[in-house]
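The values are calculated or read from the model by the stated rules, or taken from the named source; none is laboratory data. Keep in mind it's a predicted model, so treat the numbers as computed, not measured. Reconstructed Cβ throughout: ideal geometry from the backbone, glycine too, with neighbour counts over all protein chains shown. Just the protein is used for accessible areas: all its heavy atoms, side chains included, with ligands, DNA and RNA removed. Shrake-Rupley method; radii C 1.70, N 1.55, O 1.52, S 1.80 Å.
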Amino acid sequence: LRYSFEDIAMTVLNYQSNSDELTRESAVRLKQIAEYLKHDKNIASVRIDTYTDSYGGRWINEELSRKRAQTLKSFFVEAGVDESLIDTEGLGEKRHVAPNDTPRGRGVNRRAVIQLAHL
């Protein structure tokens with residue numbers, strides 16, 4: 001592989017607006033992570049936290065973030081990762097990392113943070 005554990009151990013992916021579909025760049029990155037996980041048998045855990053921007057209702061955003069987390073979990077399970085190693089949490093509008101008053105800021109806030117740990 002052209003990348004190491006250190007390259008993917010902490011990855012942030014971004015989403016299309018009001019969707020559980022990743023941006024094109026993030027979809028490519030997700031496939032790289034899955035490919036790596038097929039080869040590394042020393043993975044102890046995969047942590048997936050998903051977030052939304054503040055547009056839409058709070059409950060809708062919480063549901064969307066949970067759906068995003070479940071979609072990523074399913075993707076990894078289908079790629080061969082043991083389901084018991086994957087922990088997810090959909091956090092909705094919590095923990096913004098950028099202002100929500102610009103399209104760019106909202107795009108940054110629509111994210112998934114994937115953290116891998118080794119044995």
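Tabulated results
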item	result
Cβ pairs under 7 Å, 6+ apart, first in the stretch 35-64 and in a strand (DSSP E or B), second surrounded by fewer than 22 Cβ atoms within 10 Å (Cβ to Cβ) and among the basic types (Lys, Arg)	Ile48/Lys73
Close pairs (8 angstrom Cβ cut-off, 6 or more residues apart or separate chains): touching a residue at least 40 places away in the same chain (Cβ under 8 Å) and in a helix (DSSP H, G or I) in the stretch 67-92, of a type in the set (Asp, Glu) and open to solvent by less than 60 Å² (accessible area, probe 1.4 Å) anywhere	Lys67/Asp20; Arg68/Asp20; Ala69/Asp49; Thr71/Asp20
Test: residue in the stretch 48-60 that is out of contact with any Leu (no Cβ under 9 Å at 6 or more places or on another chain), under 21 Å from Gly105 (Cβ atoms) and surrounded by 19 or more Cβ atoms within 10 Å (Cβ to Cβ)	yes
First in the stretch 17-29 and at negative phi, second anywhere and open to solvent by 50 Å² or more (accessible area, probe 1.4 Å), Cβ under 6 Å, 6 or more apart	Asp20/Lys67; Asp20/Thr71
Complete set of residues in the stretch 10-47 that are closer than 28 Å to Asn100 by Cα, surrounded by fewer than 16 Cβ atoms within 10 Å (Cβ to Cβ) and among the acidic types (Asp, Glu)	Glu21, Glu25
The listed residue being open to solvent by less than 60 Å² (accessible area, probe 1.4 Å), of a type outside the set (Asp, Glu), in contact (Cβ under 8 Å) with a residue 60 or more places away in the chain and out of contact with any Asp or Glu (no Cβ under 9 Å at 6 or more places or on another chain), out of Ala117, Ala112	Ala117
Count - residues of the stretch 1-29 that are assigned to a loop (DSSP other than H, G, I, E, B) and within 19 Å of Glu63 (Cβ to Cβ)	6
